[in-house]
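These notes concern the structure reproduced below.
Nothing in this text is a laboratory measurement; each read-out follows from the coordinates by a stated rule. Remember, it's a predicted structure, so these values are computed and weren't measured experimentally. Here the Cβ is made from the backbone with ideal geometry for all residues, glycine too, and neighbour counts use every protein chain on show.
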Amino acid sequence: MLGATILELHHKAGALSEHQSLDIAVGFVVSFIVAFFVIRGFLQIVTKYGLKPFGWYRIAAGLALGAYLLAH
């Protein structure tokens, strides 16, 4: 993702204003920090409980989404 973002920014560098560049930089930093903590928390849960609860959660979420989509 980082490589694709850098390439895209390189191609469109002239079209971005200074304000837009700052927005992209802030978004990148915030996304990195949030992802770091989310992944760290997920790994702690997986280490403690294994992948079984996560699997059941994904199945339940998929069934709920399927039911919602069928109802609408």
Q. Restricting attention to region 1-26, which residues are surrounded by 10 or more Cβ atoms within 10 Å (Cβ to Cβ) and either of a type in the set (Lys, Arg) or closer than 28 Å to Arg58 by Cα (or both)?
A. Lys12
Q.
Checking the conditions here, which among Leu69, Leu65, Leu9 is assigned to a helix (DSSP H, G or I) and touching a residue at least 12 places away in the same chain (Cβ under 8 Å)?
A. Leu9
Q) Within the set of pairs 6 or more residues apart or between chains, which connect a residue that is on the phi > 0 side of the Ramachandran plot inside region 23-40 to a residue that is surrounded by 10 or more Cβ atoms within 10 Å (Cβ to Cβ) and part of a helix (DSSP H, G or I) with Cβ atoms less than 9 Å apart? A) none
